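Enquirer: Please find one structure pasted underneath; my questions will follow.
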Amino acid sequence: MRVLVIAEYEGSTIRPGSRSAIGFARSVAEQAGGQVEVLLVGHEIDEVVQDAARYAPVLIAQHAALANPVADRYAKVIAQTVTQRNIDLLVAASTTYAKDIVGRAAGLLGGAMASDVIGHQWTDGQLIMQRPMYAGAVVASVRLTQQPYIVTIRASAYEAAEPAATGHSCEALAIDDSALPDHIHYKRIEAKTSQRPDVTEARVVVSGGRGIKNSADYEQLIGGLADVLAGATGSSRALVDAGITPNELQVGQTGKIVAPELYIAVGISG
């Protein structure tokens, strides 16, 4: 089985969620007698490539036309790579990036997809995966029946891969920018810099709800406790709607899905 991991990165390193995706990919490949590769897409990403090469062989899709992560171009590159290299299983962390880009790539590939996977095992030579459904009310066991398989995993459900003692090989892919779609135009990204982990990747999440009355209280109570526990901060929809917290902190059925080892809810009903 040939497994390809789509790696997200921030700065000069791949994100913890992608390391968890590599951990999942390694486990599947080891039991299937396969191999794992990592795909990096972007521009001027040499430092990221060096970091990713500590975990697996790296395929590099680098071009000025790929400087910004727009879904139509990135999905086209991913789909072409999967097809050209006969990939059996495409893996990514379950993030907004994956929902936007990997989902589109899955549509181009026409394979079968399982999202938010939180566990797996091999049964009679078949890969069986567990994923929550109905807002987590049930956990379904699913088997994909059409290749290529496309899987996104919850980062906090899998241990992050550890780097190897020596670096792996790196291979640059040829990019024909004239063949890339140009239906989406990148404008800007708006995000606040934070030293706290991303709420979808954190092992500890402290979340605040309607009981928090203002931003100062949220930062003191929720942020303060999260910092003591080296965790991430989350928020209910009520605080987002009130303008107390930004949308990227919202967790739950209408926000980000989290699966930490410890979740602390403060002032949240239900």
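Enquirer: How would you rank 230-242, 95-107, highest first, on the average number of other Cβ atoms within 10 Å across their residues?
Expert: 230-242, 95-107
Enquirer: Calculate how steeply helix 16-32 sits against the longest principal axis of the alpha-carbon atoms of the chain, using the helix alpha-carbon long axis, and give the answer as 0 to 90 degrees to the nearest 10.
Expert: Orientation of helix 16-32: about 50 degrees from the principal axis.
Enquirer: Which residue, Val142, Val258, Val48, tops the fluctuation ranking in a GNM of the chain built on C-alpha contacts under 10 Å?
Expert: Evaluated over the chain, the most mobile residue of the options is Val142.
Enquirer: For the chain, what does the helix formula give at 222 nm: sum of -39500 (n - 2.57) over DSSP H segments with n ≥ 4, over the residue count, nearest 500 deg cm²/dmol?
Expert: Mean residue ellipticity at 222 nm (helix-derived): -6000 deg cm²/dmol.
Enquirer: Amide H of Val5 versus every other amide H placed in the peptide plane: which residues, excluding those fewer than 5 positions away on the same chain, fall under 5 Å?
Expert: It is Glu37, Val38, Leu39, Val91, by chain and number.
Enquirer: How tilted is helix 71-84 with respect to the longest principal axis of the chain? Cα atoms for both, answer in degrees (0 to 90, nearest 10).
Expert: Value to nearest ten degrees: 40.
Enquirer: Okay, moving on. Using a Cα-Cα cut-off of under 12 Å, which aspartates and glutamates could be cross-linked to Lys76, ignoring same-chain neighbours fewer than 8 residues away?
Expert: Here the aspartates and glutamates satisfying the reach criterion relative to Lys76 are Asp176, Asp177, Asp182.
Enquirer: Counting heavy atoms of the protein chains only and a 1.4 Å probe, report the per residue accessible area for region 1-122 as a whole number of Å².
Expert: Averaged over the residues of region 1-122, the accessible area is 37 Å².
Enquirer: A further question follows. Relative contact order for region 65-157: what is it in percent, counting Cα pairs under 8 Å that are at least 6 residues apart?
Expert: Value for region 65-157: 33 percent.
Enquirer: Could you check how much of the accessible area of region 111-270 is carbon and sulfur, as a whole percent, using a 1.4 Å probe?
Expert: 50
Enquirer: Quick one: if the Förster radius is 41 Å, what FRET efficiency do Asp124 and Lys187 give, using the C-beta to C-beta distance and rounding to 0.05?
Expert: Efficiency computed from Cβ-Cβ geometry: 0.25.
Enquirer: Counting only C-alpha contacts under 8 Å and six or more residues apart, can you give the relative contact order of region 115-270 as a whole percent?
Expert: 21
Enquirer: Cross-link candidates for Lys256: which aspartates and glutamates have Cα within less than 13 Å, leaving aside residues fewer than 8 places away along the same chain?
Expert: Within reach: Asp116, Asp198, Glu201, Glu248.
The values are calculated or read from the model by the stated rules, or taken from the named source; none is laboratory data. For clarity, every value in this text was computed on a predicted model and none was experimentally measured. When we count neighbours, we look across all protein chains shown, and the Cβ atoms used for this are built from the backbone with ideal geometry, even at glycine. These accessible areas exclude ligands, DNA and RNA; they are computed on the full protein's heavy atoms, side chains included. Shrake-Rupley method; radii C 1.70, N 1.55, O 1.52, S 1.80 Å.
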